[in-house]
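Input: a single structure, listed below in structure tokens.
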Amino acid sequence: MCVADGERRVVVSRVLLRVIIAICIANLAGCSTLVPGLNIHVDHSVDDAYRVVKGPDGQYRAEPVHPNGKLPAYRIVPVTADVVVAQAEQREHVQHANDLLPAVLPGQPPAEYRIGPGDIVNITVWNHPELTIPAGTQAQNTTFDGQLVASNGDLYYPFAGTFHVAGMTTAELRAYLVQHLKVYIEDPQIGVRVVSYQADRVEVTGAVNKPGTITLNNTTQGVLQAIDLAGGLVADASRRRAILIRHGKRYTIDLAGLLSGDRVVQNPLLEAGDSIHIPDNTGDEVFMLGSVAKPEPIVIPQQSLTLLKAIAQAGGLNPTTADGSGVLVFRLSDQPGQPATIFTLDLSQATNVFLASQFDLEPRDVVYVATTGFAKYNAVISQILPTVTTVFQLSELHNLNK
């Protein structure tokens, strides 16, 4: 019985061994690649490629990228000195919304403020304290500081009655009051000033410390001033762009240029009713994949991020798996229907390190470092090793039961 049991265990061990080896071979044969993570296939076609688009009805839907269902053609661009120079020249000629909108000009005096609903106006008639608001007047909407302009833009004043003040400057309001009071007062001396600005408001939302509404006053205020009044940017705010919505139209503001000062960028002048949104920095990321030490997203700072710096922030090339000659940068076009661009660079050549230090990445770029053939061989071993270990353990069990 003992001999029979031993032979039976040998047979079972051999069967299990053959089954495991067969499964392993089948799995290896079915694998198109053995490198975990993103796998790049040079001769790979995609038959069902779609993108999400917004239709005229405002609804989103998926449609083929190309009428025949194929991906649009992409172009391969080796990174050379000419490409780096062309990239720098293109940046100089990019027209931002900052250049299209009226700008804050520090040397130019601000436009005269026009009174609006909600403002509080202080009116002083010299030598006539009974007509000075608020000291001598108990009229409706009188506050401690002055007279509140009604929501319809009207204001009441003795001897002038109720009149529409919204849209007037302080000089125009003074002239209006002088015209009506001179019938009762000889040569009236009147002073007018706005003591509380409430009419013209701007909304600031997103990644700021104090999102909410700010009011415009008689000083010149732009996007930078609005961000400052909203408490400044939070830690994960984008330092590259801000969104300005004016009259239902959306403008992308070059915030990086405003903050860094590395190029001449205008500070857009604010208007009543503007809305400013500061997005977070997830839209400023590039994605490091392949054989780098830390495959992860990296945020482009407010200045720029070069390919070399991105690789350094990702911990550098993996010394055991990376193929330095196969560094790829995938960049989609922002124009619908235009081909994607794949930039290639051979970092195994020492001179190309300088090109990598000058080649700027753009948000949403994907940087992929290829894997060496030896690394793929190691990947094969790592998949076979568990099977080998199992076979070894079965053999040891078989030997113990002999």
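Here, each number is a calculation from the coordinates, and none is a lab measurement. Source: prediction; values computed, not measured. Note that each Cβ is placed from the backbone with ideal geometry, even for glycine, and that neighbours are counted across all protein chains shown.
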note = Taking ILE311, ILE278 and counting other beta carbon atoms within 10 angstrom, the fewest-first order is ILE311, ILE278
query = Which ordering of VAL194, VAL77, VAL299 is given by a fewest-first count of other beta-carbon atoms within 10 Å?
reply = VAL77, VAL299, VAL194
inquiry  = For VAL234, what residues show an amide H to amide H distance below 5 Å, using hydrogens built from the backbone and excluding near sequence neighbours?
reply    = VAL208, ASN209
query = What list do you get for LYS309, LYS294 if you sort them by fewest beta carbons within 10 Å?
reply = LYS294, LYS309
request  = With a point put 7 Å past each Cα toward its Cβ, work out how far ASP187 is from THR124 in nm, to one decimal.
outcome  = 1.9
message = Would you work out the Kirkwood radius for region 220-354? I mean one over the mean of 1/r across all pairs of different Cα atoms, in Å.
response = 17.5
ask   = Label PHE159 and GLU296 with points 7 Å out from Cα along Cα→Cβ: what is the distance between them in nm?
value = 7.4
note = So for R0 = 45 Å, FRET eff. of VAL85-HIS247 from the Cβ-Cβ r, to 0.05, ends up at 0.70
remark   = Quick calc: nm separation of the 7 Å Cα→Cβ label points for ASP334 and GLN349 -> 3.1
ask   = Quick one: if the Förster radius is 25 Å, what FRET efficiency do THR306 and TYR74 give, using the C-beta to C-beta distance and rounding to 0.05?
value = 0.65
